[in-house]
1. How about the range 194-219: which of its residues are of a type in the set (Val, Ile, Thr) and outside any loop (DSSP other than H, G, I, E, B)?
2. Of all the residues that make up the range 292-316, how many are closer than 23 Å to Gly89 by Cβ, of a type in the set (Lys, Arg) and surrounded by fewer than 18 Cβ atoms within 10 Å (Cβ to Cβ)?
3. Is there a residue being within 17 Å of Ala256 (Cβ to Cβ), surrounded by fewer than 18 Cβ atoms within 10 Å (Cβ to Cβ), in contact (Cβ under 8 Å) with a residue 60 or more places away in the chain and of a type in the set (D, E, K, R) anywhere in the range 194-210?
4. For the range 150-188, which residues satisfy the criterion of being among the aliphatic types (A, V, I, L, M), farther than 17 Å from Leu244 by Cβ and surrounded by 13 or more Cβ atoms within 10 Å (Cβ to Cβ)?
5. Within the set of pairs 6 or more residues apart or between chains, which connect a residue that is on the phi > 0 side of the Ramachandran plot inside the range 146-174 to a residue that is assigned to a loop (DSSP other than H, G, I, E, B) with Cβ atoms less than 8 Å apart?
6. If I ask for residues that are among the aliphatic types (A, V, I, L, M) and in a loop (DSSP other than H, G, I, E, B), which ones from the range 63-95 would you list?
7. Residues to consider are Asp135, Asp105; find the one that is closer than 26 Å to Trp253 by Cβ and either in contact (Cβ under 8 Å) with a residue 60 or more places away in the chain or outside the structural domain of Gln277 (by TED's automatic domain parsing) (or both).
8. Just checking, how many residues over the range 104-131 are more than 18 Å from Ser303 (Cβ to Cβ) and not in a loop (DSSP other than H, G, I, E, B)?
Amino acid sequence: MGRDLTIETVTPAELSPDELALWSDIVAADARYASPYFHPRFTQVAGEVAPGAAVAILHRGGEIAGFFPHQRRGNTIQPIAAPLNDYHGVIARPGMAPALEALPDLFGASALSVNGWVGASQAEGLIAGRTLQADLSQGWVAYDAARREANRKYFKDKDRSRRSLERDLGEVRVTLDGRDPARLDRLITLKREQYRGSGRHDIFACGWTADLLHALLQIDEPGFGGRLAVLEAGGEPIAYEYGLAAGDHYHFWIPAYEAATARYSPGILLSLETMRQGADLGFTSFDYGFEGEAYKKYFCDRSQTVLEGVVRRAGSPALASLSQHRLALSVRRRWAAIDACETTLAGRARGVASAATAVIGRTRAPQIAGGLTTLLVL
């Protein structure tokens, strides 16, 4: 990392206008930072509600080299606002960022947890993943024609779904920039029901994560803001998608729909209409996040490589037995969500107990529960 590198840790609210301007300039000059999560306003808003939120200002040779927004949980450094942060990294001038593997030592932490890390790394134990994007730089008409040519059957099926929805429930209408907090609360309720049904950790039970979504939704500034897209049928809302926008990039973030309308594919119809309307507003890139869900392949024509895992400081416990298990990645993701959301030992214990029950229910490997308990102790 170089002996000339020093850090100054401040809260996001303590960043000066000149520092924020430099941050914005760095982001604008580097395509890797196009995601809304790298925008300084995201960090500022997260700093108002996320426990332990901070920004490390990196200095080299007497000048600011960059910024690293983060939060601390015990002796672990995490992305700021985790688990509600899909892209993160050191925001630095070209060639001036410290190596990822050097960060735990730089912060005096035992570990750095990453998920969606942008930037190269030589650290052991990290897994390369892909996020998927839809390129609308040529406009909606050209994009829609190309995707339909490549996937005719799929899009014909979605056209039928829309016609059926209108026939059964009434006229379909999509609003892209809603600010109604009650509708956001409904989306959060639906997601919490989904988490309970799937056995995943309820990331909204801690409270501050919901506060972050509400705070971002009230940001209506040129170049940045939260957006709540809503699909109505017959005047009733049935699907919601929370997005985050910066510049010409739109990030699909948190979707939910009323379960009774699932046969109409309302979430897919909402995404399509969001892109159509969004293209008219000047958005040219729509980010679908990590690959995995099968439907994303029909919409996305670009990808980005990111890193996921835990970077440990030399001499820190490695949990070797857990890392060798085929379910290690799933367990790490569960623990990362629990650790990021819950700031008390009691909250973490409840989360671990729930996660262990879910994992054991899906496998014949009760040692995974022991691995989660070990993570709790650490």
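The values are calculated or read from the model by the stated rules, or taken from the named source; none is laboratory data. Bear in mind that the values here come from a model prediction, so they are computed numbers and not experimental data. Heads up, the Cβs are rebuilt from the backbone with ideal geometry, glycines too, and the neighbour counts pull from every protein chain shown.
1. Across the range 194-219, the qualifying residue is only Thr209.
2. The number of residues fulfilling the criteria is 1.
3. Looking through the range 194-210, at least one residue is within 17 Å of Ala256 (Cβ to Cβ), surrounded by fewer than 18 Cβ atoms within 10 Å (Cβ to Cβ), in contact (Cβ under 8 Å) with a residue 60 or more places away in the chain and of a type in the set (D, E, K, R).
4. Leu165, Leu169, Val172, Val174
5. That search, which allows pairs on different chains as well, returns Gly170/Gly234; Gly170/Gly235.
6. Ile80, Ala81, Ala82, Leu84, Val90
7. Matching residue, one of Asp135, Asp105: Asp135.
8. Matching residues across the range 104-131 total 8.
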